[in-house]
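See structure below.
The values are calculated or read from the model by the stated rules, or taken from the named source; none is laboratory data. Values in this document were obtained by computation on a predicted structure and should not be read as measured data. Here the Cβ is made from the backbone with ideal geometry for all residues, glycine too, and neighbour counts use every protein chain on show.
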Amino acid sequence: MTAEHTRLIAALRELRAGAGLSLAALAERTAYSKSSWERYLNGKSLPPRQAVRELCRLANEPDGRLLALWEIAESHWSGRAVAPVP
């Protein structure tokens, strides 16, 4: 897991906890299962962009910052990020 992915996951966990949402509640209110949310929030897989948006919506949080974090994490996860030139 990259540092970027770690930052995204920490922000998502904080948002979920602040909203008082359990994994079961997320599964009931989104298109993603409880086991999917467990994988996303434990860093086992990168959440889809739409899952990030849905969590923001449920927590009444503007999605701009988390989507920016997602973009950075996804570029590293997918290998699209450009490595810095020494």
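Pairs are defined by a Cβ separation below 6 Å, a sequence spacing of at least 6 or placement on different chains, a first member in the stretch 43-54 that is free of Cβ contacts under 8 Å to residues at least 12 places away in the same chain, and a second member that is surrounded by fewer than 17 Cβ atoms within 10 Å (Cβ to Cβ); the pairs so defined are Ser45/Arg39. Among the numbered conditions (1) out of contact with any Asp or Glu (no Cβ under 6 Å at 6 or more places or on another chain); (2) at pLDDT 95 or above; (3) of a type outside the set (Phe, Trp, Tyr); (4) crowded, with 18+ Cβ neighbours inside 10 Å, the only one that Glu4 does not meet is (2). Tallying residues that are in a loop (DSSP other than H, G, I, E, B) and either touching a helix residue (DSSP H, G or I) at 6+ places or on another chain (Cβ under 8 Å) or under 12 Å from Glu74 (Cα atoms) (or both) within the stretch 1-21 yields 3. Of the conditions (1) over 15 Å from Leu8 (Cα atoms); (2) at pLDDT 95 or above; (3) among the small types (Gly, Ala, Ser), Ala68 satisfies every one except a single condition; which number is it? In the conditions (1) over 15 Å from Leu8 (Cα atoms); (2) at pLDDT 95 or above; (3) among the small types (Gly, Ala, Ser), Ala68 misses (1) alone. Give the residue that is nearest to the chain's Cα centre (by Cα), with candidates limited to residues of the stretch 42-70 that are closer than 14 Å to Arg29 by Cβ and among the small types (Gly, Ala, Ser). Ranking the qualifying residues of the stretch 42-70, first place goes to Ala51. Filtering the stretch 22-57 to residues that are more than 16 Å from Leu8 (Cα to Cα), touching a helix residue (DSSP H, G or I) at 6+ places or on another chain (Cβ under 6 Å) and surrounded by 15 or more Cβ atoms within 10 Å (Cβ to Cβ) leaves Leu23, Leu26, Ala27, Thr30, Tyr32.
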